[in-house]
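Sharing a structure below in structure tokens format, with a few things to ask.
The values are calculated or read from the model by the stated rules, or taken from the named source; none is laboratory data. What you see is a predicted model, and the numbers here were worked out from it, not measured in a lab. When we count neighbours, we look across all protein chains shown, and the Cβ atoms used for this are built from the backbone with ideal geometry, even at glycine. Just the protein is used for accessible areas: all its heavy atoms, side chains included, with ligands, DNA and RNA removed. Shrake-Rupley method; radii C 1.70, N 1.55, O 1.52, S 1.80 Å.
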Protein chains: 2
Amino acid sequence: MSRFFMNERETLVEQALEGLVEAHGGLVDVHTDPLFVTRRVPATGKVALVSGGGSGHEPLHTGFVGQGMLDAAVPGDVFASPTALQVRAAIQAADTGEGTVMVIKNYTGDVLNFSIAAELLSETHRVEQVLVDDDLATQKEDEGGPGRRGTAAVVAVEKICGAAAEAGAPVVEVRELGREVVARSATLGVSFEACTNPMTGRRSFDLEPGEMEFGVGIHGERGIETRPTTGAAELVESLVTPLVESVGLRRGDSVLAIVNGLGATHGLELGVAARETRRVLDGLGIGVARSLVGPYVTSLDMKGLSITLTALTDDLVKFWDAPVRTPALVW
Amino acid sequence: MSRFFMNERETLVEQALEGLVEAHGGLVDVHTDPLFVTRRVPATGKVALVSGGGSGHEPLHTGFVGQGMLDAAVPGDVFASPTALQVRAAIQAADTGEGTVMVIKNYTGDVLNFSIAAELLSETHRVEQVLVDDDLATQKEDEGGPGRRGTAAVVAVEKICGAAAEAGAPVVEVRELGREVVARSATLGVSFEACTNPMTGRRSFDLEPGEMEFGVGIHGERGIETRPTTGAAELVESLVTPLVESVGLRRGDSVLAIVNGLGATHGLELGVAARETRRVLDGLGIGVARSLVGPYVTSLDMKGLSITLTALTDDLVKFWDAPVRTPALVW
């Protein structure tokens with residue numbers, strides 16, 4: 001049992017976003033009624049990039065609003081989808097007449113509400129969508145069902161689409177680039193301790209000492225299997241190996257590796273995970289051309305991490321390297 | 001009980017630093033035997049700024065190596081001081097002939113080993129020191145004893161001294177500026193859950209539901225008092241009020257506010273804390289001219305946060321705003 005630091009549950013997300021603006025006042029603005037976040041200095045004459053989803057994953061998505069990445073982000077309540085009216089308002093604020101690409105993590109509520117927003121705007125706005133479904137743990141052989149969940153590959157999609165939009169790519173090109181990143185990406189996560197529900201102060205599941213949860217997502221749910229804990233080298237290998245197979249990587253390929261902390265994982269731990277990720281890939285003749293190591297797509301205070309691999313092309317590297325200036329990513 | 005993700009305890013720090021380099025390969029290099037971190041592209045013709053201390057506080061200090069901040073950082077083992085020989089090697093690597101300023105958090109081992117390093121180099125190097133002792137919780141009325149601990153104000157010292165050094169300030173001026181920042185700063189921290197010892201997997205202390213530990217430092221030790229938990233507004237007021245008094249802030253003053261996560265505190269929680277910090281200071285007529293919100297000086301996976309206030313001058317604002325390019329701070 002652990003306490004979530006806040007005032008009231010009802011005001012948590014809005015007050016936290018106010019704090020975000022204080023911390024990064026020059027970069028973003030928070031709009032209330034309905035709630036969404038935009039760049040303080042709006043872009044002009046480019047495709048708008050809009051994302052969003054439940055809160056509790058910060059810095060995702062609000063921390064990625066700014067030059068070279070998102071134009072607007074739409075936060076729902078903790079682990080709950082934003083409403084279609086929030087999404088509509090964000091698109092209306094962000095669209096400069098060149099059309100909008102929505103980046104949606106694959107969850108039923110998000111898909112529904114973003115789609116309704118696009119439908120509501122269909123007579124006045126050109127709205128395209130990229131569905132991010134990178135989580136290998138939720139891959140099913142049979143057809144039907146909601147499909148794979150969207151997790152940390154969304155950061156690569158937002159960065160790369162954001163750079164393309166900033167460079168003047170038209171709306172269909174930005175959409176296709178986003179879909180290419182999704183097709184080239186896969187993610188697997190593991191948890192050593194569940195996250196705390198801000199409402200109850202209780203953890204979402206319990207693990208015995210010596211157990212870890214393999215194949216977790218980002219909403220505190222159990223993974224696909226409870227396994228005995230292992231050292232970092234062995235665990236990273238068990239995450240990376242299926243990713244390499246899923247993405248279809250071969251000797252000589254190069255990847256972007258996102259080593260993502262799920263909330264309460266320490267920098268020392270992520271450092272070790274990054275080292276092991278490179279070691280495993282080196283052994284397969286696959287080069288880590290770019291990497292991102294840190295807590296970028298969190299699941300409240302979950303202890304754990306995910307690894308995302310994205311097969312790179314020269315074009316993707318160019319857009320990944322392009323300048324970005326957001327609260328959570330700057331280069 | 002929770003597991004720390006690593007291979008062996010003995011290789012933790014070195015392997016984590018290898019990962020840091022992978023994540024920020026363009027910015028820093030790790031040297032082993034002895035262990036220290038430098039900028040990949042060394043500065044020339046400026047005062048060198050060197051800091052360090054026990055590991056477990058990442059991104060401090062290794063994440064602050066780079067243009068506009070540190071020239072080298074010297075990591076000890078988890079919560080243990082680096083050796084004098086490590087510090088000496090780092091100074092030898094960083095000093096360009098213009099002298100070195102060491103930024104030392106006030107802990108007996110750090111003070112001793114940095115001082116020995118300076119002494120070992122006394123015939124060949126000009127080495128000055130800034131002692132950071134901002135933690136109000138360890139203030140004692142009586143003389144003697146080790147004095148106040150060094151905590152998150154060290155980030156302000158490193159940023160501001162780093163900018164001054166980059167701007168060509170001589171060694172005595174950089175030292176005096178650092179001492180001025182220390183004199184103008186105070187910090188208080190609170191914990192909702194202790195950190196986990198990587199060696200044993202055990203928490204460093206236990207709290208009952210509804211309890212928090214007021215006045216904690218950054219090494220997992222208990223604070224000055226176990227108190228009942230409160231909402232964010234009341235708790236932030238209880239942290240900020242003594243800081244305002246200690247720094248001697250008055251209506252019309254402006255401050256840098258560092259709202260620092262101690263490890264496992266979520267971005268939503270830090271956002272709320274940042275909002276409340278501004279609210280309390282607004283009520284006192286004190287302006288938050290600059291702020292930094294995030295996990296910058298951690299205590300492994302401690303749940304909790306600290307607030308640091310630094311009374312600003314025009315000069316300090318200028319150095320705070322100067323460009324910086326390190327793994328953990330970029331603007």
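So which residues in the range A:177-195 are within 11 Å of another protein chain (Cβ to nearest Cβ) and open to solvent by 10 Å² or more (accessible area, probe 1.4 Å)?
Matches in the range A:177-195: A:F192, A:E193.
Could you list all residues from the range A:1-26 that are open to solvent by 30 Å² or more (accessible area, probe 1.4 Å) and closer than 19 Å to A:M199 by Cβ?
A:M1, A:R3, A:N7, A:E8, A:R9, A:E10, A:T11, A:E14
Looking at (1) open to solvent by 10 Å² or more (accessible area, probe 1.4 Å); (2) in a strand (DSSP E or B), find the lone condition where B:A257 falls short.
Against the list (1) open to solvent by 10 Å² or more (accessible area, probe 1.4 Å); (2) in a strand (DSSP E or B), B:A257 comes up short only on (1).
Pull up the range A:260-278, narrow it to residues that are in contact (Cβ under 8 Å) with a residue 12 or more places away in the chain and not in a helix (DSSP H, G or I), then point me to the one that is surrounded by the fewest Cβ atoms within 10 Å (Cβ to Cβ).
A:G261
I need a count of the residues in the range A:40-86 that are in a strand (DSSP E or B) and either within 14 Å of chain B (Cβ to nearest Cβ) or within 23 Å of B:L270 (Cβ to Cβ) (or both).
15
Another question, then. If I ask for residues that are more than 13 Å from B:A264 (Cα to Cα) and open to solvent by 10 Å² or more (accessible area, probe 1.4 Å), which ones from the range A:293-305 would you list?
A:V293, A:Y296
Show the residue pairs meeting these rules: Cβ distance below 8 Å; 6+ apart or different chains; first residue within the range A:6-21 and facing chain B (nearest Cβ under 7 Å); second residue part of a helix (DSSP H, G or I) and surrounded by fewer than 20 Cβ atoms within 10 Å (Cβ to Cβ).
Here the result reads A:N7/B:A233, each pair linking the range A:6-21 to a residue that is part of a helix (DSSP H, G or I) and surrounded by fewer than 20 Cβ atoms within 10 Å (Cβ to Cβ).
Within the range A:215-237, does at least one residue satisfy the condition of being assigned to a loop (DSSP other than H, G, I, E, B), over 29 Å from A:V288 (Cβ atoms) and within 14 Å of chain B (Cβ to nearest Cβ)?
Within the range A:215-237, one or more residues are assigned to a loop (DSSP other than H, G, I, E, B), over 29 Å from A:V288 (Cβ atoms) and within 14 Å of chain B (Cβ to nearest Cβ).
Now for a separate question. List pairs: first residue in the range A:234-247 and touching a residue at least 12 places away in the same chain (Cβ under 8 Å), second residue among the charged types (D, E, K, R) and surrounded by 22 or more Cβ atoms within 10 Å (Cβ to Cβ) anywhere in the structure, Cβ distance under 6 angstrom, at least six positions apart or on different chains.
Final answer for the pair search is A:V236/A:E276.
Can you go through A:D29, A:D77, A:D71 and tell me which one is surrounded by fewer than 22 Cβ atoms within 10 Å (Cβ to Cβ) and over 18 Å from A:N197 (Cα atoms)?
Answer to the selection: A:D29.
Suppose we filter A:L112, A:L188, A:L177 for residues that are in contact (Cβ under 8 Å) with a residue 60 or more places away in the chain, out of contact with any strand residue (DSSP E or B) (no Cβ under 8 Å at 6 or more places or on another chain) and outside any loop (DSSP other than H, G, I, E, B); which single one remains?
A:L177
Turning to a different aspect of this structure: Mind listing whichever residues of the range B:289-306 are under 16 Å from B:L235 (Cα atoms) and more than 10 Å from chain A (Cβ to nearest Cβ)?
Answer for the range B:289-306, where residues must be under 16 Å from B:L235 (Cα atoms) and more than 10 Å from chain A (Cβ to nearest Cβ): just B:S306.
Could you tell me whether the range A:57-66 includes any residue that is surrounded by fewer than 23 Cβ atoms within 10 Å (Cβ to Cβ), at pLDDT 95 or above and either among the basic types (K, R) or over 13 Å from the mean Cα position of the chain (by Cα) (or both)?
No.
Against the definition (at pLDDT 95 or above and not in a strand (DSSP E or B)), how does A:G162 come out, yes or no?
Criteria met by A:G162.
If you take the residues in the range B:279-288 that are open to solvent by 40 Å² or more (accessible area, probe 1.4 Å) and without any contact (Cβ under 8 Å) to a residue 40 or more places away in the chain, which one is nearest to the other protein chains (Cβ to nearest Cβ)?
B:D282
Tell me, yes or no, whether the range B:222-233 has at least one residue that is out of contact with any Ser or Thr (no Cβ under 7 Å at 6 or more places or on another chain) and closer than 28 Å to A:G210 by Cα.
Yes: the range B:222-233 contains one or more residues that are out of contact with any Ser or Thr (no Cβ under 7 Å at 6 or more places or on another chain) and closer than 28 Å to A:G210 by Cα.
So which residues in the range A:22-39 are out of contact with any strand residue (DSSP E or B) (no Cβ under 7 Å at 6 or more places or on another chain), of a type outside the set (S, T, Y) and away from chain B (no Cβ under 11 Å)?
Residues satisfying the conditions are A:D33, A:P34.
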